[in-house]
Amino acid sequence: MTDTTSRFGKPARIFQPSAAQPAPIKSTGAYAWLRQNLFSSALNTIVTIAIVAFLATIIPPMFNWLFLDSNLSGSTQADCTGDGACWVFIKVWLQPLLYGSYPDGQIWRINLCLLLLFVTLAAPFWLPHRMRNKVDIAMLLVLPFVAIVILDGRLLGLEYVSTDYWGGFALNLFLASASIILGMPLGFLWALGRRSQMPMARSICVILIEFFRGTPVLALFFMGSVMLPLFFPEGTTVDKLLRVWIVLTLFMAGYMAEVYRGGFQAIPQGQYEAAASIGLSFWQTTLLVILPQVIKVSMPNILATAVMLFKNTTFLMIIGVFEVLSTAQNALTNSNWLGGFSTEAYLFVGIVYWICCFSMSSVASYIERKLDTSHRS
Amino acid sequence: MTNATSSSAKGQGSAPAFYNNPHNRAIFYQVVLVLVLGYFIYTIINNTLINMEDRGIKTGFDFLTTTAGFDILMSLVEYDASHTYFDTFIVGLLNTILVSIIGIFFATIIGFIMGVAYFSHNWLIRKLSVVYVEIFRNIPLLLQIFFWYFAVLSALPNARNSLSLGEALFLNIRGFYMPKPLEEAGAWVVYAAIVVAIIGTWLFLRFAHKKQDLEGTQLPTFWISLAILFGLPILATLVMGVPFTLEYPELKGFNFRGGITVIPELMALVISLSIYTGAFIAEAVRAGIQSVPKGQTEAARSIGLKEGKIMKLIIVPQAMRVIVPLLNSEYQSLVKNSTLATAIGYPDLFTVFVGTSLNQTGQAIEIVFMTIAVYFAVNMCISFVMNLFNRRVALVERK
């Protein structure tokens, strides 16, 4: 210290670096991600460990049951010897589950109808821009009737297949599509009527919409099967599937009308004024200006309603329509397959349904994200 | 009409022709609509009357006072085969209300937990919530009911090998058994204490609110109200020397006797309804929380609110505005979906009344409309309560 004393008698200040601080905690990379998302606090760590332990006890036995111990080969119940799932059951019952009891040689007709449905749905992507609306809407509206002609077969000179033999997952798909296709325009009419200035038209539409939205769908089906036959003139018998189709269409229309109502509310008044100022008539304004915007705004809800209707077609088994769930129940009570394969059956139907509904829901949330222009979160 | 006459009176000469006047057209369209609809309804009624006469179906509500003559699996009020069809209606109605209330209770709990879990800091919990919502929302409810009823609950052991918890709770293929509290003398004091506790909590919360408004001091409202709400009934129970005895279910022969029995049909229905509706409620809660702009959280942080206070005072009140209307429609759809009970034989209104009673009497129109009216009424009640609640959380704009 003495040699560093300055001439004023005070110690000179010498630069002494303080100890280096540790490097900041990494905020990128796998380790940092783990720390932030799984182990950020003591509670989080405990929760993470608990969940992982839970999954570790659940997943391996499930995996074994589903794949490792499962039985795939064979064609009778006796072939299911392992402890795992009996996929033989699904293999044997696959055709009834998908196509119902439609005759073996005629299944191409169902496949043709499915193909037509997908072609029509995909049409906007390959049709020239000018023709899209006119052609595709016409195709959609004609499709249910074309499909009925093909499946029925009498008009085309094919083997006649009565509706008693239609069934399986294809029937769910057809009934849902046919009622969505007809229910959407009908619902739009009802929604227009609800907005109308005419008091009679408005009250009739309100009653229709509220009735079909407020009644449990099962009660509607019962009305379709118990009460609707009483409404028709004496001696006429209306096919059960046709009655179901009518009920489903009206049900869809009620829900769609409510969806469109939300869409209408999102259209600014300026759109009507602008359309009026260039001299468009009511129907021109509605169909060319308002409808496209309403559909765009309410697309997520339209898809959600379609998913709901598609799921609700399973309720038809209660009134004795041979849709997929009813076929599954039939298979489970078949005297050759009494080994208790309910888990396999429900799992299969559930997965098939889930794939269809999840893809529709995903499209809905994709559109929702794309349309969302707010700057939130 | 008034427009047409006034404009022609001004002598502009541009009055539209009579048939082009929108007012006249509207009347014309409506007259046509009413005529068509009237003719349609007339035909239907006419056809129905002819058809019913042909098939020998009686009309009117006389059947309600005749003896039903069938037993019902589960009943909340006294019922046996000698009661009338009106009694079956009441039994079914009560069973529907029971399953709806329990279902709504659990669906709300599951839905809120899963909806909030979407915003957890823990990645696993976030993903768990997404997986839950996406799986159960996209599988038909009927399939889920069947899965729980035929695949899970029928795989339970028989009565002798029941799963049990502390010799009080038993779970087997015949149902779920739990002890039943039987009241003794003095039980009314406990009930009174519960009522007093609820009123006291309400009064205390009002007092605390007023105190904060006047003086700015905050009381620990949560803990104090919790203490009142639970402390008072517990105290009353202890003071009265526990005026309750528990009746335990006991294995006698092949089945359990005593206690409260929850039949497997009810269990399957409640489990599947609450899990299915819970997924939709979780989605509503998520949408509600996401609808609150991030700026709100940031503004709250900048004035120094703690995270818990931000959630309670800033996020939740604003999110509830979005959540409550959605909850309303989810609750209504749960009640409507409870009609699926008929698929597994739970004796709800639909199974008992539209199922068995309709089959026996054949009076489809009366029965179906009575049933539909009930569902409308129940849903209106839900709507009424939720709208009251909505009015409390709705945005109050400056006047």
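The values are calculated or read from the model by the stated rules, or taken from the named source; none is laboratory data. This one's a predicted model, so the numbers in the text were calculated from it and none came from an experiment. Reconstructed Cβ throughout: ideal geometry from the backbone, glycine too, with neighbour counts over all protein chains shown.
Annotations for the structure displayed:
- Counted as qualifying within segment B:161-222 are the strands (runs of 3 or more DSSP E) with 2 or more residues that are out of contact with any Ser or Thr (no Cβ under 8 Å at 6 or more places or on another chain), namely B:163-165, B:180-183.
- Only one entry of B:Val378, B:Val368 meets the criterion of being within 30 Å of B:Ala81 (Cβ to Cβ), under 17 Å from the mean Cα position of the chain (by Cα) and crowded, with 17+ Cβ neighbours inside 10 Å, and that entry is B:Val378.
- The number of residues in segment B:343-352 being under 18 Å from the mean Cα position of the chain (by Cα) and part of a helix (DSSP H, G or I) comes to 2.
- Taken residue by residue, segment A:304-314 has no member that is surrounded by fewer than 18 Cβ atoms within 10 Å (Cβ to Cβ), facing chain B (nearest Cβ under 9 Å) and in contact with a helix residue (DSSP H, G or I) (Cβ under 7 Å, 6 or more places away or on another chain).
- Of the helices (runs of 4 or more DSSP H) that lie entirely inside segment A:58-155, those containing 3 or more residues that are touching a Gly at 6+ places or on another chain (Cβ under 6 Å) span A:87-99.
- Condition broken by A:Lys296, with the remaining ones in (1) more than 8 Å from chain B (Cβ to nearest Cβ); (2) in a helix (DSSP H, G or I); (3) touching a residue at least 60 places away in the same chain (Cβ under 8 Å); (4) in contact with a helix residue (DSSP H, G or I) (Cβ under 7 Å, 6 or more places away or on another chain) satisfied: (4)
- Among residues of segment B:25-51, those that are in contact (Cβ under 8 Å) with a residue 60 or more places away in the chain and either farther than 27 Å from A:Ile204 by Cα or exposed (fewer than 13 other Cβ atoms within 10 Å of the Cβ) (or both), counted: 0
- In a residue-by-residue description of segment A:226-244, the property of being touching a residue at least 12 places away in the same chain (Cβ under 8 Å), within 10 Å of chain B (Cβ to nearest Cβ), buried (at least 19 other Cβ atoms within 10 Å of the Cβ) and not hydrophobic (A, V, I, L, M, F, W, C) applies to no position.
- Note on segment B:57-154: enclosed helices (runs of 4 or more DSSP H) holding 3 or more residues that are within 30 Å of B:Val354 (Cα to Cα) are B:85-117, B:141-146.
- Flag if A:Phe211 is surrounded by fewer than 19 Cβ atoms within 10 Å (Cβ to Cβ), touching a residue at least 40 places away in the same chain (Cβ under 8 Å) and under 23 Å from B:Tyr39 (Cα atoms): yes
- Filtered residues of segment B:268-281 (kept if of a type in the set (A, V, I, L, M) and closer than 15 Å to B:Val324 by Cβ): B:Ile281
- Within segment A:334-354, the set of residues being touching a residue at least 40 places away in the same chain (Cβ under 8 Å), over 20 Å from the mean Cα position of the chain (by Cα) and within 11 Å of another protein chain (Cβ to nearest Cβ) comprises A:Phe341, A:Thr343, A:Glu344, A:Ala345.
- Every listed requirement among (1) of a type in the set (Phe, Trp, Tyr); (2) at pLDDT below 95; (3) touching a Ser or Thr at 6+ places or on another chain (Cβ under 8 Å); (4) assigned to a helix (DSSP H, G or I) is met by B:Tyr39 save one, (3).
- Filter result for the condition that a residue is more than 14 Å from chain A (Cβ to nearest Cβ) and touching an Asp or Glu at 6+ places or on another chain (Cβ under 9 Å), over B:Asp62, B:Asp71: B:Asp71
- Residue in segment B:88-101 that is of a type in the set (Phe, Trp, Tyr) and more than 14 Å from every other protein chain (Cβ to nearest Cβ) present: yes
- B:Val354 vs. criteria within 27 Å of B:Asp62 (Cα to Cα), within 12 Å of chain A (Cβ to nearest Cβ) and in contact with a Phe, Trp or Tyr (Cβ under 9 Å, 6 or more places away or on another chain): yes
- Positions within segment A:24-77 being over 25 Å from B:Ser129 (Cα atoms) and either acidic (Asp, Glu) or touching a helix residue (DSSP H, G or I) at 6+ places or on another chain (Cβ under 8 Å) (or both), in sequence order: A:Ile25, A:Lys26, A:Ser27, A:Asp69, A:Ser70, A:Asn71, A:Leu72, A:Ser73, A:Gly74, A:Ser75, A:Thr76, A:Gln77
- Among the numbered conditions (1) over 23 Å from A:Thr249 (Cβ atoms); (2) of a type outside the set (S, T, N, Q); (3) facing chain B (nearest Cβ under 10 Å), the only one that A:Ala331 does not meet is (3).
- Within the set A:Ser326, A:Ser365, A:Ser361, the sole residue that is facing chain B (nearest Cβ under 8 Å), assigned to a helix (DSSP H, G or I) and polar (S, T, N, Q) turns out to be A:Ser361.
- Matching residues, segment A:266-283, being surrounded by 13 or more Cβ atoms within 10 Å (Cβ to Cβ) and either over 24 Å from B:Asn21 (Cα atoms) or of a type in the set (S, T, N, Q) (or both): A:Ile267, A:Gln271
- If you go through segment B:280-296 and pick out every residue that is among the small types (Gly, Ala, Ser), within 11 Å of another protein chain (Cβ to nearest Cβ) and part of a helix (DSSP H, G or I), you end up with 2.
- Filtering segment B:99-110 for residues that are surrounded by fewer than 16 Cβ atoms within 10 Å (Cβ to Cβ), modelled with pLDDT of 90 or more and among the aliphatic types (A, V, I, L, M) leaves a non-empty set.
- Of residues in segment B:238-291 being polar (S, T, N, Q), out of contact with any helix residue (DSSP H, G or I) (no Cβ under 7 Å at 6 or more places or on another chain) and farther than 20 Å from B:Leu153 by Cα, the one surrounded by the most Cβ atoms within 10 Å (Cβ to Cβ): B:Gln290
- Extreme residue, farthest from the other protein chains (Cβ to nearest Cβ), among residues of segment A:245-263 that are aromatic (Phe, Trp, Tyr) and farther than 20 Å from B:Ile41 by Cα: A:Trp245
- Taken over segment A:16-57, the criterion of being in a helix (DSSP H, G or I), more than 11 Å from chain B (Cβ to nearest Cβ) and polar (S, T, N, Q) is satisfied by A:Thr57 alone.
- Of the residues contained in segment B:208-215, one or more are found to be crowded, with 16+ Cβ neighbours inside 10 Å and outside the structural domain of B:Ala159 (by TED's automatic domain parsing).
- Qualifying position, being farther than 28 Å from A:Val244 by Cα, over 23 Å from the mean Cα position of the chain (by Cα) and without any contact (Cβ under 8 Å) to a residue 12 or more places away in the chain, among A:Asp79, A:Asp83: A:Asp79
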